[in-house]
Structures are given as C-alpha cells and as structure tokens.
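Enquirer: Below you will find the structure I want to go over with you.
The values are calculated or read from the model by the stated rules, or taken from the named source; none is laboratory data. Keep in mind that what you see is a predicted model, and the values were worked out from it rather than measured. Heads up, the Cβs are rebuilt from the backbone with ideal geometry, glycines too, and the neighbour counts pull from every protein chain shown. For accessibility, only protein heavy atoms count, side chains too; no ligands or nucleic acids. Shrake-Rupley method; radii C 1.70, N 1.55, O 1.52, S 1.80 Å.
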Amino acid sequence: MNDQGGRMADAHVNNRYGWSDLAPVLRGLRPVWPFILGALILAVPTLFDVARQSWSTEQGAHGPIVLATGLWLYARRWSEAKALAMPGNPIVALIAALVFVPSYAVFRIINVIEVEGFCMYASLLTGAYYLIGARALRLMWFPILYMLFIFPPPDTVVAMVTQPLKIGISQASIDLLHLFGYPIAGSGVMISIGQYDLLIAQACAGLNSLISLSAIGLFYIYVRHNANWRYALLLMLAIVPVAVLANFIRVIGLILITYYLGDAAAQGFLHNFSGITLFLFSVLGIFGVDALASPLRRRLAKAGQA
C-alpha cells in the first residue's frame, strides 16, 4: 500500500514538473521563432564585440549594468505592453528593415562598432514594431532609450564633448594649484608641474563619468520618480555639474599624486582607484541632490494634482 502511494506521488510529481510543462511556452514562442533567431544572430556577435572593445574600458564599464537593468525594465513593463500589443504596419516595418539591416551588415563588415551597435538595435526595434506595434513600444519608451547607453558613442561625438571639458578642467586645475603656490603651468590639455608633463586624457575630462552617471542617474530617476517628469528633468540637469565637479577633483588629485609620488604612481593603481572612488561619490552626489530637493518634489507633485 505504501509502495503504491509512493508510486502515485512520484507520478504526480513527474506530471507536474515534467517536460510537458514547457509545451505552452514553446507553443507561444513558435509564431515568433524566426524573429528570435534573427535577433540572436544580429545581437550576439555585436554585443560580444562591444563587450570586448568598450565594456572592458573605463569609458564603457557601465555597459553590463545598463544591459542587466534595461532587460529588467523591459520585463517589468512587458505585461502592460502585451495588453496593448497589435501588429505594426508591415510596409513601415519593411521600409525600416531595408534601411537598418543592410546598414548593419555594411558597418559590421567594415568594423565600425559605434555605428554597428545602433544599426543592430534599430533593426531589433523594427522587428519588435512589426510584432507588437507602436502603442506597445511607446509604453516602453524609457527602456528603449536607456538601452542606447550600452553602445559606445561615435568618436566625433566623443571629440566634440570631450575637448571643451578637457580644456576647461585643465585650466581650472592650473589656476587653483597656482593660487596655492605650486610650480604649475599649461597650454590646452597639457599640464606641466615640477619636472612632470601630464596630458589630460578622456578618463580625466568628464566624458566617462558623464555618460555613466547619466545612465545610472536616468535609471534612478525613472524608477523612483517616473510620474513627475518636471522633477526628473531637474535631476537630469544636475547630473552634468556633478560629473564635471567630480572629474575636476580627480584631475587635481592626479596632478598632486604626480607631483609628490611621480608619474608611475599617477598612471597606475591610484589612477584607476581615483576614478572608481570619485564615480561613487558622484552617484552619492546625485542621491544627495535628490534628498535636498525633496521639498521641491513634493511641491511639484501637489501642483500636478491641482
């Protein structure tokens, strides 16, 4: 009797947790399996190259965080988007595919990863539009924009943003340290202090932390203050001065490390450690601005309800 009961229990467990439970999932994926296969063919090679060329550097170190949190945001809104899903206009989808897919192939062949990533992402969004339509994608507007931070910006954009920051931070650092009596001078992005010459590189010019802070700040703003767009805009604007101030402090620190400990110390572990530390303080700075501006947030919330 006990053996029979045990076999019935085993059968119940097997029936409950067997491979047959995957059948509804597989049936649900069957109509879209060509899109899933095509998405993997497009996305996996490009993301591998982005991870190898960008995510392993300081400029793109935020990429894996953005990918993980972006996928979480998609999953978080999927049930709402699914309720609005309706196939998009096939003509619009075809025209978009004829533009983005060949562009992706061209830039993949010539290995321009900055443009290739965006073309790949646009191709995936085109397929998503064809499957679920514009209304569902409109609901996903923030995850769609947020995931763009995965890809490195084009070099021309990097140069346009970086050069003024380099020059401004370099000159401000020279003026401050000269005021305190240090033997420092400079021209453009070149700084001379004592017997050492420093070149203010991208890592010290605000771009890296500006992009990373923008990504993390936008995620924080959306998750916590999604309903209040005016306050969210205020916090977005606060990201820029926080990032620039953090990098100004970092450049000052690296100049002083070079002066007192030598060029090898400034370019080694202390260089990377200063970047991580000041990035952490920058993130805490965004949280601090949010805490200090909480009375304004409550006032805007009341104005929106009125």
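Enquirer: Calculate the dipole size of the stretch 101-183 relative to its Cα centre from +1 charges on Lys and Arg beta carbons and -1 charges on Asp and Glu beta carbons; express the result in debye to the nearest 20.
Expert: 320
Enquirer: What are the ³J(HN,Hα) couplings of the stretch 91-104, residue after residue, when phi is run through the Karplus curve with 6.51, -1.76, 1.60 and θ = phi - 60°? Round to Hz, x for glycine and proline.
Expert: 5, 4, 4, 5, 4, 4, 5, 5, 8, 7, 5, x, 4, 4
Enquirer: Only four residue types carry charge here, +1 at the Cβ of Lys and Arg and -1 at the Cβ of Asp and Glu. Report the dipole size of the stretch 32-152 about the Cα centre in Debye, rounded to the nearest 20.
Expert: Taking the Cα centre of the stretch 32-152 as origin, the dipole is about 400 debye.
Enquirer: If you project the alpha carbons of the stretch 32-152 onto their three principal axes, what span does each projection cover, largest first, in Å?
Expert: 40, 30, 22
Enquirer: Would you mind calculating the relative contact order of the stretch 32-152 from Cα pairs under 8 angstrom and at least 6 residues apart, reporting the percent as a whole number?
Expert: 40
Enquirer: Given the alpha-carbon gyration tensor of the stretch 83-167, what are the semi-axes of its equivalent ellipsoid in whole angstrom, ordered largest first, with each equal to the square root of 5 times an eigenvalue?
Expert: 29, 18, 8
Enquirer: Tally Lys and Arg at +1 and Asp and Glu at -1 over the other residues with C-beta under 13 Å from the C-beta of Ala172: what net charge comes out?
Expert: Once positives and negatives cancel, what remains is +1.
Enquirer: Along the Cα→Cβ direction, 7 angstrom out, place labels at Gln267 and Ile252. What is the inter-label distance in nm?
Expert: 2.5
Enquirer: Follow-up. Taking the dipole about the Cα centre of the stretch 62-149, with the C-beta of Lys and Arg at +1 and of Asp and Glu at -1, give me whichever of Ala128, Ala85, Phe142 is farthest to the positive side.
Expert: Ala85
Enquirer: Can you list residues from other chains, or at least 5 along the same chain, whose modelled amide H is less than 5 Å from the amide H of Leu198?
Expert: Result for Leu198 returns Ile191, Ser192, Ile193.
Enquirer: If you average the alpha carbon positions of the stretch 212-253 and of the stretch 58-134, how far apart do those two centres end up, in angstrom?
Expert: 25
Enquirer: In whole Hz and in residue order, list the ³J(HN,Hα) couplings for the stretch 179-185 that follow from phi through the Karplus curve 6.51 cos²θ - 1.76 cosθ + 1.60, θ = phi - 60°; x for Gly and Pro.
Expert: 4, 8, x, 6, x, 10, 8
Enquirer: Over the stretch 88-247, what percent of the accessible surface lies on carbon and sulfur atoms, probe 1.4 Å?
Expert: 73
Enquirer: Ok, one more. HN-Hα J couplings of the stretch 239-247 from phi, Karplus 6.51/-1.76/1.60, θ = phi - 60°, integer Hz, Gly and Pro as x?
Expert: 4, 5, x, 5, 5, 5, 4, 4, 6
Enquirer: With r as the distance between the Cβ atoms of Ile41 and Leu237 and R0 = 45 Å, compute the FRET efficiency 1/(1 + (r/R0)^6) and round to 0.05.
Expert: 0.65
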